[in-house]
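Q: Can you read through this structure? Questions will come right after.
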Amino acid sequence: MMKHANMSESIRYLLSNEAFMTVTLLDGFVIAEINGRKATRYAHWDNQIPKFASHLRTWAKQEY
């Protein structure tokens, strides 16, 4: 993720912890099917989406 952002290695090292925490938080928005019910992992766990989700924005379009 940070390698493609053309950051120097020293900056990547400083930001790596924050990047891992962010990726872990966003991973909870992956849709999973449990007992025939499809929902995000957050919804399966707590039946609601975290409050920080309202602050998320799409900032880049990635094409495959």
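The values are calculated or read from the model by the stated rules, or taken from the named source; none is laboratory data. Just so you know, these numbers come straight off a predicted model, no measurement behind them. Virtual Cβ from ideal backbone geometry, glycine too; neighbours counted across all protein chains shown.
Q: Filter segment 13-22 down to residues that are at pLDDT below 90 and either touching a helix residue (DSSP H, G or I) at 6+ places or on another chain (Cβ under 7 Å) or among the aliphatic types (A, V, I, L, M) (or both) and give me whichever is surrounded by the fewest Cβ atoms within 10 Å (Cβ to Cβ).
A: Here the answer is Leu14.
Q: Another question about this same structure. Among the residues of segment 16-64, write down those that are of a type in the set (Phe, Trp, Tyr) and over 20 Å from Asn6 (Cα atoms).
A: If the condition is that a residue be of a type in the set (Phe, Trp, Tyr) and over 20 Å from Asn6 (Cα atoms), then Phe29, Tyr42, Trp45, Phe52 are the ones that fit.
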